[in-house]
Structure formats: structure tokens, C-alpha cells
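The structure appears below as C-alpha cells.
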Amino acid sequence: MGNRGMEDLIPLVNRLQDAFSSIGQSFHLDLPQIAVVGGQSAGKSSVLENFVGRDFLPRGSGIVTRRPLVLQLINSTTEYAEFLHCKGIRFSDFDEVCQEIEAETDRATGMNKGISSIPINLRIYSPHVLNLTLIDLPGITKVPVGDQPPDIEHQIREMIMQFISRENCLILAVTPANTDLANSDALKLAKEVDPHGLRTIGVVTKLDLMDEGTDAQEVLENKLLPLRRGYIGVVNRSQKDIDGKKDIQAALLAENIFFLSHPSYRHMADRMGTTYLQKVLNQQLTNHIRDTLPDLRSKLQSLLLSIEHEVEVYKNFKPEDPSRKTKALLQMVQHFAVDFEKRIEGSGDQVDTRELSGGAKINRIFHERFPFELVKMEFEEKDLRREISYAIKNIHGVRTGLFTPDMAFEAIVKKQIVKLKGPALKCVDLVMQELINTVKKCAAKLSDYPKLCEETEKIVTYCIREREGKTKDQVLLMIDIQLSYINTNHEDFIGFANAQQRCNQLKKKGPIGNQVIRKGWLTISNISIMKGGSKDYWFILTAESLSWYKDDEEKEKKYMLPLDNLKVRDVEKGFMSSKYIFALFNTEQRNVYKDYRCLELACDSQEEMDSWKASLLRAGVYPDKSAAVEEEGSQNDNFSMDPQLERQVETIRNLVDSYMTIINKCIRDLIPKTLMHLMINSVKEFIHSELLAHLYSEDQNTLMEESAEQAQRRDEMLRMYHTLKEALQIIGDISSSTISTPLPPPVDDSWMHSRRSPPASPTNQKRPAQQVTSTKPPVGRSPAPTVPGNQIGALTVPTRPGPLTPFPSNNDPFMMPPQIPSRPSRAPPSVPR
């Protein structure tokens, strides 16, 4: 299979980078790349322009590069540029490229010289470039200028660190030769994230601007501040040359002449200059991509697996298929129906963990909220007895009755039954609102087709409101049926005989035992600030008491409140408060808690407060009835009954209590059943059988017109899916074709641990066992020359390029000496790859 695929590595990473950037995932995959780091006016822009052979980067004073520029150089027969944000537009005029970079920078950062970490992706095709991908980062600055924020240095540093901290990022540290290398900001940042120098490539610019009599020979020979990948010197155009529009090709020729004629650099001229730098970067980036292939393959496979399910829907998309919209409509309606049913029945695959919704909330309405509303309609004993006595007296008229009249019982019972209409209708409203909310959540999943989403929600909501009217009619009919006939022959009705026997049982029967009814956190909100203010406690409600503890470990009890003579009432929520408050108070006007008349308890939500009230009902703590309308006349305040009338009132009272217990039990059972049949099940049946017919009556082309966001997302997901598949295939071919190629020797990096140690003899230098060299000559390439001086040289491995082979130096004890015999005479590789 040979070396197939190695030339595709850098374009492959370019395609991955474009695919991830277009959908905002460029930072989720650590792609191999080269980041260009340097201070302001270090010559970064000139180096990049020399690579391309064109002036295309903005220039000026202060920070010019204010957004990362992902520059992808691609060798091609034609010359043009493309931006990722301007898809399909080719720029053949590089002045326009410069203007577009400035305009796109201003779009994200404004005109105040601010910076942004959102990259600009620029791809340049040219016959004068080698395949290469670099990221031009803003220059390191110290002092803010213009309208820049005071922390501009920190912002730029954080942006640079965001890129160079990645293990797969090579660092191109650009330092001007006319400054002290030890103070290089670029090398300082590189040292922080790459302390062993494994990823750093040094570039020394402005060699022609050094003071007369000085040179950078020690730096370029990798002796002053050694880097494993060494240094390369370049000479850029001066500002005068740029202003004079000096041709870059002429500048490159002048650069070559400079190195050949300079006495300090002529011996290394073949390893200096922009052209050589471009070749080395191309080679090292290719090597780096090759070295990171195993880890990259693993990440690509994970990403492919994560999007495969979503892409499966898109792969069969055929916009020209006339039946596509019909199929999509059928599929969307089917998904909507299934989703609605799952939310109601509680078998959904996506369970809401933040709040009750759908069927669970309707269940709470049926079994907590509705019973609570019924009990709120409970009658006050004093008012009820007064009404019964008036009824008895009015029925007797001018005569004094000897027996308890049946009509008084019937009049009082009917009055109580009529009160049930309010809670029953409120239950219908609550269920209807929850059904509408559920429809909105289900319809939101159809947002890929905005018109379909809108029409579906409108049609189903109309259906729900239509069923609401029929359900309310049925509920009112049920209550009217109860009013039409008072069945005193009901098997649970106590009758007159038993009512007489219960005349002495004035109080309601309390709950048996002291079982725990509810536990949870509540806030006591009416404690004054002087006494500590509002606090959260762990409350335990039993059948006989309400206790609270310091925390849910229930070790430190704060108080126990008996439930005798307690009632509950709502408290209006404060203007700035987000809590829902209810209060417990004593009907005998005694203090409930210490010197407080009432105990105000706060919850975080209406549902939680309703749930606590329902639990208090089970414990016999009933809601306080709103202020009763006082009867006119002073005789009402001194209301009294004779013993015979009092016995008759008590008998009627027991009969009413018994009969209303039967009615309440019946209503509690029938109302949820009625709502399930006439509303919930009816709406589900409508969605399954009639929704599609209603949608078909609309214009199909308009209805199934997908949103622009969906079309863009589908294109991006498909492009990324195919790019991932292609990448994995190329990586597989490369791995299988080079699996037996041994690794080249690394540069001895012992200088990082003991740079001033005595020189090591050639016989004492040992190579790590896992690092072996290839004994085969390069395919189609002459061997690299062994020239003393710089560490960087051409790689000699045809199919698995690795770290650069060092050039020996007589002065550096850590470089291999020039007297080393030819490669075939070395020991054979000990560890095959």
C-alpha cells in the first residue's frame, strides 16, 4: 500500500477543523495544529505572508490581530482564498482578503480594539505553498491602548493559553533577534505549557536588524536556550519595504542572499529562511498528526458514535423526492402522538427531573388539589347549626313542631351540594391547562417545521378547549343529578335512628394512631430578625403533632406542636418574596408557637404548598373559612336554642354530615373518571385518528417547509459525518501501511535537567530502548546532510515521520558527534513498532 494517505493528513485535519467550527464544536476535539505565538511587532504576520507570497494580513499600530486566524494553506494549481463564514465566495484579490479579515474582526469585537476568541477560518489555495495549517494568535501586549479594557494583557494571555495548552498543538514561538532571547514572551508562555520543549519550534526574526558585530549564531545552533525542535532564522521585509510594495518573491531572494553571504550563518544557510521553515513546518505537522493518530482515531470514533443516531435520520433525506413531505408529515404526527401519550401515561423515555408535568401533575390535581378544594368548602359548625335552626323554624311556621322535619335536612343538604360546583369546575380548568402545556412541549419537538408545529398546537389546543366545554357540562349535570334526588335509603346513610344516638358525638373523629404523614423542609417565615429571622427546618407531620428539627438527620428537635384546635389559612405573598406561605393558628385564640399567634410556613412552589395542605387535611387540620357574612340584627350575636330545638338541630347536623360524606366520596371518585373519559382519553383518540386529517386539509408545501436552521444543521451534520468516516478510513490505511516502521531517534533532552553537566563521550551516550532508528533509506529522497550547527534537519523516515534528526555539534555535548559511523553500522532496532 506504500505511503498512501500521508499527503492527505493535513488536508484531512483541515476538513475536520472546518466541519467542527461550522457547528461550534471546534474546541471539543483536540486536532493537531500549529499555533503562532509572539509579541507585538515580532514579525508573525510577515512570516505568514512570506509563506503565501502575498500581502493579505491587516497591518498597523497596536493590536492588529484581535481574533485567532486559522490559516489553512493548500497546494493547488490555482491561487485564491476562501473564508468559512463566506461559503462559496472565492477571493482572487488578496487586498479584499485583508479587508474581509478586518470586517469580520470588527463584527465580533467592535471598533474599540477589543479581542475575541472566536476564530476566523481562512483557506488559501496556491501553487507556491505547502500543505500547512497555522493559527495566528494576537500579539502579546503589556499596555492597553485606545478603548481596550485594562485587563487586555490577561485576556490575550488566556486566549493564547486556550490554544497552546492542548497536547496536540505545536507551538511556533516567534522572537525578534534584536531583543534578549531570555526575555522572550513567546518562549516564556511555551515553557509554561511545554516544560520539556517537546512541542515548541523556535523562529528568530529580524536577523538583519541586529547591532553591528553581533549575531544569533549560538541561538540558531541551539546552544543558548536549547529546544528539542531547534530554531530557524528568517529575514522579513522591513516596514519601508512593505510601504514600498516590495515584492515578496524578491524579499525571499534577498533573504537567501543574506544567509549565504553572512559569515555567521553561511554554514547553515540551507537550514535557514522562510522556504525552509515552511518545509519543516509541513514536515513536523505531518509527523505530529501521524504520532497522534491512535488518540485521534479514538476521539473520532467516539464522536461518530455520538452523532450516528441523529445522522441516520438525515442520511435518507431526498429533497427532490415528491413523497418526502408526505412521509415526513406522517412521521412527525406519529412521533407527536407517541410523545403525548408517553407524557400522560408516564412511560416517557425523557423524564423531567425538575418539576411535575403531564400525567404526574394531573394525578396530583385529582388526588391532592381537588380533595383540598372540596374540604375548603366545609361548613363552619356555628353557621351550619344556625342555618339548620332557621330551616326548622321556618318549616314549622306558626306551629311548634314536635318532630324533626325532613324538609330541613333536604334544604341544608342541597345547599351544601351546590357548593361542590366550584371545586369541580376548577379541577376541570387545572387539567385543561396541564393538557395544553403538555401539547406545547410535544409540539416543540416539531420545531424543524415551524408551520407544522404551529398548526399542530393550534388544532390540538382547539380540541382540548372543545372537550373542556363538554366536560364542564357533564360535571354540572352530575351535581344536578345529585340535587335531583336525596337518597336517604343509601346503605351508608345513618338514618334518623342512628343520628339520634350520635347526638353526643359533637366532634369529628380524629385520626387513629400517630403515624407519620409527611416529611420535608419548610421555612418559618414570621420569626423577627431580633430572634434570628426566617430559618429552614426539617418538619415531620404525624396524625397528632407537627414537629421540626434542625436538619433531616432528626437528631436535634426544635419544637413539637400538637394539632388540637389548629386550622390553616393562606398568607398573601410579599412584594419581593418568591415563597408561598400558609399559616397555622389556634381556633381558641391561643398562641401557637411561643409568643406567636400563628406559625407562618413558607414553601418554594405552589405545588409544594398544596401538597402540605393536603397532608394537613389527612391529619385533621382543616382550612379556615373566609370571613363569614354576619347576619344583621343584634339577636344573631346572642343566638340561643331551647333544648328540644337543640336536639333537632343536632339530629339534622348528623344526618347532613353523613349524607355529605357519601356525596363527597362519590364526587371524588366520579370527577377524575369523567375528566379521563371526556378530556384526556378523548384528546388522545383525536390525536391518533383525526389530527392527520386536519393537517392534510392544509397546504402541504407550506406546512412541511423546514426551517433554515434545520436545513443548515442537517447539512453540517452530514458533512461532519462523512468527514469523520473519511478521516477514519484514511487513518486506518495509514496505520496499516506503516505499522512495522521503526521510530527515528529523538533529540537527547538531558539538557533540560542538567545543562551544565560534563560532556558525554560518544560511547557513553545511550539511546532509550523504545526509540529505534530506521535502517532503510528514504523512498524517492536523498539522505539528509549531516551539517554541524542547527538541530533541525530533513526527516529520513518515509512512512512514519517522527521528531527531527539532530545535527551534530562539536561544541554541544548533548548533540551527536559528527564522527558517528553510517546508520547501517548501528545496532539493529530492539523494539519494532
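Take Leu170 and decide whether it is farther than 16 Å from Ala216 by Cα and part of a helix (DSSP H, G or I). Before you say what the answer is, go through the steps one by one.
Working: farther than 16 Å from Ala216 by Cα: yes; part of a helix (DSSP H, G or I): no.
When the stated conditions are applied, Leu170 does not pass them.
Residues in segment 251-274 that are touching a Phe, Trp or Tyr at 6+ places or on another chain (Cβ under 9 Å) and without any contact (Cβ under 8 Å) to a residue 40 or more places away in the chain: Phe259, Arg266, Ala269. Restricting segment 542-552 to residues that are in a loop (DSSP other than H, G, I, E, B) and open to solvent by less than 70 Å² (accessible area, probe 1.4 Å) leaves a set whose member that is modelled with the highest pLDDT is Asp551.
Within segment 215-255, the set of residues being among the hydroxyl-bearing types (Ser, Thr, Tyr) and within 17 Å of Met268 (Cα to Cα) comprises Tyr231 only. For Ala103, the conditions (1) of a type in the set (A, V, I, L, M, F, W, C); (2) modelled with pLDDT of 85 or more; (3) part of a loop (DSSP other than H, G, I, E, B) are fulfilled apart from (3). May I ask you to verify whether Cys453 is in a helix (DSSP H, G or I), at pLDDT below 90, more than 22 Å from Glu368 (Cβ to Cβ) and open to solvent by 10 Å² or more (accessible area, probe 1.4 Å)? So Cys453 fits the description; yes. Criterion applied to Arg369, Arg364 was being surrounded by fewer than 20 Cβ atoms within 10 Å (Cβ to Cβ), within 60 Å of the chain's Cα centre (by Cα), more than 14 Å from Thr651 (Cα to Cα) and modelled with pLDDT of 70 or more, and the one residue passing it is Arg364. Hey, could you check segment 558-584 for residues that are at pLDDT 85 or above and of a type in the set (A, V, I, L, M) and say which is farthest from Lys613 (Cα to Cα)? The qualifying residue farthest from Lys613 (Cα to Cα) is Met560.
Out of Lys555, Lys508, report the one residue that is open to solvent by 90 Å² or more (accessible area, probe 1.4 Å), outside any strand (DSSP E or B), of a type outside the set (A, V, I, L, M, F, W, C) and at pLDDT below 55. Can you show your working first?
Working: Lys555 fails: at pLDDT below 55.
Residue meeting the stated conditions: Lys508.
If the condition is being under 18 Å from Gly358 (Cβ atoms) and open to solvent by less than 10 Å² (accessible area, probe 1.4 Å), then segment 646-690 contributes Leu675, Met679, Ile680, Val683, Ile687. Within segment 190-218, the set of residues being touching a strand residue (DSSP E or B) at 6+ places or on another chain (Cβ under 6 Å) and not in a loop (DSSP other than H, G, I, E, B) comprises Ala190, Thr200, Ile201, Gly202, Val203, Val204, Thr205, Leu207.
Against the test of being open to solvent by less than 50 Å² (accessible area, probe 1.4 Å), under 29 Å from Phe686 (Cβ atoms), at pLDDT below 80 and of a type outside the set (Asp, Glu), the options Ser389, Ser357 yield a single qualifying residue, Ser357.
Just to be sure before I move on: is Ile307 at pLDDT 85 or above and assigned to a helix (DSSP H, G or I) in the structure I sent? In short, no.
The values are calculated or read from the model by the stated rules, or taken from the named source; none is laboratory data. Since we're looking at a predicted model, the values are computed, not measured. Cβ coordinates were reconstructed from backbone atoms using ideal geometry, including for glycine residues, and neighbour counts include every protein chain displayed. Surface accessibility is based on the protein's heavy atoms, side chains included, excluding ligands, DNA and RNA. Shrake-Rupley method; radii C 1.70, N 1.55, O 1.52, S 1.80 Å.
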